[in-house]
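Where a number appears in this text, it was derived from the coordinates with a stated rule and is not lab data. These numbers come from a predicted model, not from an experiment. Reconstructed Cβ throughout: ideal geometry from the backbone, glycine too, with neighbour counts over all protein chains shown.
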Amino acid sequence: MRLNCLDAVLVATTTLTCLVKAQFPNATPEASNLTTIASPIDPNIKISYKVPDGACNTAFESQTQYTGWVSIPGDFPTNTFFWYVGARDQQANSSLTIWLNGGPGSSSMFGFFSENGPCEVVDNGTNTYTTIAREWGWDRASNMLFIDQPNQVGFSYDVPTNGSIDLLTNNIYIPPAERPNSLPSNAYLNGTFSSMNANNTANTTETAAVAIWHMLQGFLTTFPELNPPEDNILGVNLFSESYGGKYGPAFAYKWEQMNAARGNSSVSNSTAVKIRLVSLGIVNGCVDDLIQAPFYPAMAVNNPYGLTAINSIRAQMANASFYTSGGCRDQINACRAAVASQDPNNSGAPADVNRICEAAYNSCTENVMLPYSDAGRSLYDISALLPDSFPPKQYLEYVNTAAFQAAIGTRLNYTETNSQVVSAFLSTGDYEREAMVPKLASLLNAGIRVGFIYGDRDYICNWLGGEAVSLALAASAAGGYASAFPAAGYAPIIVNDTYIGGAVRQFGNLSFSRVFQAGHFVPAYQPETAFQVFARVIRGDSVSTGENVDLSAYNTTGDSSASSSLNLPPSPEPTCWLRDIPGSCSEDQQSAILNGEGFVVNGALQTGTTASTPAPTTVVETSTTTAQLTGFFTATATPSSAATPNRGPGVVDVFHLGGAAAAALLVLS
């Protein structure tokens with residue numbers, strides 16, 4: 001997500017059934033049952049891990065799982081949480097995909113349980129939960145490694161610290177404080193968290209990149225069998241979402257830098273291992289405001305769903321604030337000039353640079369991006385009125401149960417977003433500090449596949465801006481991308497025998513996919529489409545059909561624009577999740593909680609006279625043709641009807657892959 005941080009925070013045989021009551025985790029060595037060893041190449045790096053029996057029921061019991069922490073030395077304690085899950089079959093287990101959620105400050109456990117992880121949380125009776133295998137989990141195509149970063153995010157921590165959390169605001173108080181009389185007992189909980197010290201975490205994308213390189217050195221040397229070998233056509237893939245539009249390019253570039261240092265002996269081969277990156281995927285990434293910001297007002301009034309979210313004058317003013325003298329564009333350029341001259345390593349230390357860059361971020365956010373808030377609609381899905389409670393949040397209850405905590409070996413309670421990490425990145429203006437296209441171009445020039453995947457109902461990192469980034473990358477890359485990529489037409493993304501899930505432009509190792517009827521968290525909205533695109537990117541196949549192709553001589557053909565006009569589905573009634581009150585509950589629902597009206601069942605507020613297990617509601621259209629839990633789809637023909645399933649009487653979206661441009665910049669002279 002962007003740094004406005006509006007939201008602060010087949011069943012296998014073995015089933016972990018969890019009740020909701022748990023506060024301070026049992027942190028004794030006997031309870032955590034972790035194996036702790038030193039990295040074989042750096043004894044200062046320690047890895048503590050275990051097999052999380054029953055915590056996540058995968059498609060097959062034979063799939064290897066590890067949860068644990070990599071502890072790296074530095075100015076403050078850093079214990080980075082990971083969850084590794086082996087692929088579902090032999091065909092898929094020769095690659096390793098690293099998944100990072102964004103924020104900054106958002107946990108990758110959100111992706112694990114709500115988007116593309118191997119399992120999902122389901123109700124198992126009143127206030128009890130279990131997990132089932134996710135049909136389109138990405139472990140279907142690769143070994144998966146989910147990482148909570150930077151330090152203090154999710155289950156990662158510096159120093160375990162007891163405190164209290166106010167669920168009405170998601171504020172954490174350290175040390176524990178008395179519950180205010182105005183709050184009911186179920187909305188004010190004690191627990192163990194990280195220290196919440198903003199100095200004990202990364203404050204720029206660059207410093208986070210360094211930390212994760214060290215973390216991966218510890219992980220891959222402890223589990224060398226999980227690092228794909230040099231002679232394997234598949235390798236390591238990095239997929240990142242949202243703020244991952246910055247994490248992905250910066251982290252991947254850092255790995256390539258360190259690989260080069262090993263090659264020229266700047267870093268000893270005996271103290272570092274190569275991370276052989278073969279593909280980088282960016283899912284609805286916010287990459288660069290200098291390119292993407294003008295598409296905020298464009299998306300608000302000229303999107304493919306025919307929604308005019310704000311009035312045209314308001315949109316024109318927002319657009320003008322980008323181009324005006326001293327506006328968003330000028331302030332970004334001033335920030336980057338200050339970084340280049342005073343903080344070239346992006347340490348986040350020089351206060352003057354931080355002030356300039358933070359001011360640039362605030363200007364762009366308030367004047368260009370946030371006018372859309374007039375619409376009262378979700379930043380993550382233009383079809384959803386606020387509050388937006390998708391994806392469902394019962395997983396927040398599950399991961400805070402004593403049984404789950406013991407299974408993974410955690411010393412902490414779980415929070416989805418760490419506000420102090422948000423503050424640390426805000427304080428340096430990290431969002432505007434660096435142009436990522438040059439790093440992306442360097443990766444593409446090195447033969448690394450780059451795939452952009454954007455849901456077309458997202459506003460905050462919208463597909464119009466994402467498409468613009470892909471074109472800017474092509475213009476900066478060598479090898480004919482500047483002319484051949486824009487010239488490649490958009491082809492249908494054929495998901496199965498009956499469904500077209502989007503449109504893709506692909507030339508060589510670069511692809512841009514517009515995913516139909518998906519919001520910000522694409523795998524949650526369109527799981528099958530997201531999986532097929534992911535699998536095709538990491539395998540080097542045609543993103544359109546899944547066919548094995550020679551990418552050095554491949555490009556898609558079709559219309560010059562991905563301009564399909566679609567019907568906007570109706571907004572659902574929100575579900576008020578107790579552990580996501582600021583993000584999912586209306587003012588009336590928040591008042592009901594404060595006044596002790598209604599009751600909570602399975603993590604959701606019930607205000608009727610009888611309790612029922614809530615059915616998660618969302619604006620989702622998916623097409624699933626099989627319950628088989630392995631394999632990929634390769635198209636042999638284009639479906640005769642490129643239409644989504646009906647969403648009610650007479651409502652059918654027919655996708656015309658062509659026509660006028662989907663949006664234009666509102667440039668004022």
TODO: Return the tail of the calculated pair distribution for the range 102-211, meaning the percent of Cα-Cα pairs more than 17 Å apart.
DONE: 67 percent
Open item on the list: What does the extension gain come out to for T169 and T28, with contour length at 0.36 nm per residue minus their alpha carbon separation?
Closed with: 47.7 nm
TODO: Using +1 at the Cβ of each Lys and Arg and -1 at the Cβ of each Asp and Glu in the chain, identify which of S378, N445, V339 lies farthest towards the dipole's positive end.
DONE: N445
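Calculate the dipole size of the chain relative to its Cα centre from +1 charges on Lys and Arg beta carbons and -1 charges on Asp and Glu beta carbons; express the result in debye to the nearest 20. Display every interim value, and only then the final one.
Values: 30 positive and 53 negative charges, 135 e Å.
Dipole about the Cα centre, nearest 20: 660 debye.
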- [ ] List, largest first, the extents of the alpha carbons of the chain along their principal axes, each in whole Å.
- [x] 66, 61, 56
- [ ] Within the range 172-213, report the chymotrypsin sites (Phe, Trp or Tyr not before Pro) that DSSP leaves as loop and that have at most 13 other Cβ atoms within 10 Å.
- [x] none
Open item on the list: Of all beta bridges DSSP finds with both residues in the chain, what is the antiparallel percent, to the nearest 5?
Closed with: 70 percent
Task: Computed helical MRE - 222 nm, the chain, DSSP H runs ≥ 4 contributing -39500 (n - 2.57), nearest 500 - done: -8000 deg cm²/dmol
- [ ] Pull out a ≥ b ≥ c, the square roots of the eigenvalues of the alpha-carbon gyration tensor of the range 307-375, then state rounded if a/c is under 1.5, prolate if not and a/b is larger than b/c, and oblate in the remaining case.
- [x] prolate
TODO: Would you please classify the overall shape of the range 491-576 from the alpha carbon gyration tensor, given that a ≥ b ≥ c denote the square roots of the eigenvalues, rounded means a/c under 1.5, and beyond that prolate means a/b larger than b/c while oblate covers the rest?
DONE: prolate
Task: Neighbour cut-off at most 10 other Cβ (10 Å), DSSP loop, GluC sites (Glu not before Pro), the range 230-335 - done: E230
Open item on the list: I'd like the FRET efficiency for S266 and E61, computed as 1/(1 + (r/R0)^6) with the beta carbon distance as r and R0 of 51 Å, rounded to 0.05.
Closed with: 0.70
